[in-house]
Amino acid sequence: MGLGVGNRDQRDDLGIEVHSGSPRCKGRTNAVLLGRGRQTETKMIVCATVDDVCLEGYSSPAHLASLLDFFREQKLRATFFVVPKAGGIPLGDRPDYVGLLREAMSEGHAIAQHGLEHDRFETGIPPKMVLDLPHEGPARERLAKDRAAIEDSLRVDALRARLSEGRRILEDALGVEIQGFRAPCLSICSNLFDALEAEGFRFDSSRHLQEAGWEIISGKEPIAFRPITREDFDRTQYPGRLRILPLTTEYTWYLTRDKFQITMDLARHDLDACFQAGIPFVPLCHVSPVHQGDAGCGYEMYRRLLDHARKTAAARGDELQTINLVEACDAV
Ligand SMILES: [Zn+2]
């Protein structure tokens, strides 16, 4: 595994066509605006993020350990979004996960909060492209039946209580301050951001810039790659101290060989667009699904994407920064 990107018109050991296809961004960005009006030097930032740590069916200690190995190999610092009370069990009662997450922190990765118990509606309502996923049938039915009760449960005080309970569980188990949040199933509402601000969270990463990843997962055709611009990023921002670091999309949800090439094309498109816009590229993966597609596809997608990112940065005379989202807050 680990074939280079530049072997045009060959097939690798996954049976996947290998080419250097994606066009380079034209010209060099001399300066990018990262942050509210603050001008800094050019930065090419990749922030790998991993969701569903501790969530039964989508996470296992073995898969988490494997991801840590992969990030070691790639020399990057990632952000792990941990479900504080998955299946009703607080993180502190799961010594295997606590040990792995402490190891992750010692290697420079960041730990952030992912809901409370990962109920679909505990922090908002999932966006349509998530509700459209084949496995979200029960959520669609529940929303159709209980929308009024769900919306009533999303008051700022109720959201603050959920955020606070989950954050305390993570902080007690890990002995660190939790600074960031991502909503389960990207379930957001405007009250959620007010609650995050009131609770003093430093960043949120629940908004998204690209829908096509979920459309590929759902088997929709044709797939339209949405453009990603600086204006899109600015529109996601909250008018307070809370920093919004939007993700692009999910690329490795049980990734299969037949969807590898279009997913790779999308990932390169999004990465190039983020670099061109001067915003961090924040891909999303999940602890177990990145392992459980066709053999090797998930990691191979990331290997090739990171190789492409490093070559793009080198061609521009820049250094690629592969940092966690707490560090990205400092960079923006
Ligand atoms: Zn999740």
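A few comments on the model shown:
- Taking the criterion of being in a helix (DSSP H, G or I) and of a type in the set (A, V, I, L, M), the residues of region 248-274 that qualify are ILE262, MET264, LEU266, ALA267, LEU271, ALA273.
- Identity of the residue in region 271-287, under 18 Å from ARG310 (Cβ atoms) and hydrophobic (A, V, I, L, M, F, W, C), that ends up farthest from the ligand (Cβ to nearest atom): PHE275
- Hey, ALA331 more than 15 Å from PHE260 (Cα to Cα) and in contact with a Lys or Arg (Cβ under 7 Å, 6 or more places away or on another chain) or not: yes
- Yes/no for LEU209 being touching a residue at least 12 places away in the same chain (Cβ under 8 Å), under 16 Å from PRO84 (Cβ atoms) and of a type outside the set (Ser, Thr, Tyr): no
- Unique match (being at pLDDT 95 or above and crowded, with 22+ Cβ neighbours inside 10 Å) among PRO84, PRO95: PRO84
- Residues of region 61-100 that are within 15 Å of the ligand (Cβ to nearest atom) and assigned to a loop (DSSP other than H, G, I, E, B): VAL83, PRO84, LYS85.
- Checking CYS285 against (1) under 21 Å from PRO127 (Cα atoms); (2) outside any strand (DSSP E or B), the condition it does not meet: (2)
- Screening GLU103 on (1) in a loop (DSSP other than H, G, I, E, B); (2) surrounded by fewer than 24 Cβ atoms within 10 Å (Cβ to Cβ); (3) touching a helix residue (DSSP H, G or I) at 6+ places or on another chain (Cβ under 8 Å) shows it passes everything except condition (1).
- Restricted to helices (runs of 4 or more DSSP H) entirely inside region 118-224, those with at least 1 residues that are at pLDDT below 95 are 128-131, 212-218.
- Being farther than 27 Å from GLU327 by Cβ and within 16 Å of the ligand (Cβ to nearest atom) is a property that holds for ARG120.
- Residue selected from region 139-185 under the condition loosely packed, with under 12 Cβ neighbours inside 10 Å and over 24 Å from the mean Cα position of the chain (by Cα), by the criterion nearest to the ligand (Cβ to nearest atom): GLU141
- Scan of region 132-163 for residues that are without any contact (Cβ under 8 Å) to a residue 24 or more places away in the chain and touching a Leu at 6+ places or on another chain (Cβ under 8 Å), ordered by number: ARG140, LEU143
- Filtering GLU319, GLU250, GLU300, GLU231 for residues that are surrounded by fewer than 18 Cβ atoms within 10 Å (Cβ to Cβ) and touching a residue at least 12 places away in the same chain (Cβ under 8 Å) leaves a single hit, GLU319.
- Considering only residues in region 303-316 that are aliphatic (A, V, I, L, M) and free of Cβ contacts under 8 Å to residues at least 60 places away in the same chain, the one that is farthest from the ligand (Cβ to nearest atom) turns out to be ALA314.
- Taking the numbered list (1) in contact (Cβ under 8 Å) with a residue 40 or more places away in the chain; (2) surrounded by 18 or more Cβ atoms within 10 Å (Cβ to Cβ) in turn, ALA267 passes all entries but (1).
For every residue, the table says whether it meets (1) more than 30 Å from GLU117 (Cβ to Cβ); (2) modelled with pLDDT under 50; (3) surrounded by fewer than 17 Cβ atoms within 10 Å (Cβ to Cβ).
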{"residue": "MET1", "(1), (2), (3)": "yes, yes, yes"}
{"residue": "ARG8", "(1), (2), (3)": "yes, yes, yes"}
{"residue": "GLY15", "(1), (2), (3)": "yes, no, yes"}
{"residue": "HIS19", "(1), (2), (3)": "yes, yes, yes"}
{"residue": "ARG38", "(1), (2), (3)": "yes, yes, yes"}
{"residue": "LEU64", "(1), (2), (3)": "no, no, no"}
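The values are calculated or read from the model by the stated rules, or taken from the named source; none is laboratory data. Please read all numbers here as calculations on a predicted model, not as lab measurements. Don't worry about glycine lacking a Cβ; one is built from the backbone with ideal geometry, like all the others, and counts go over all protein chains shown.
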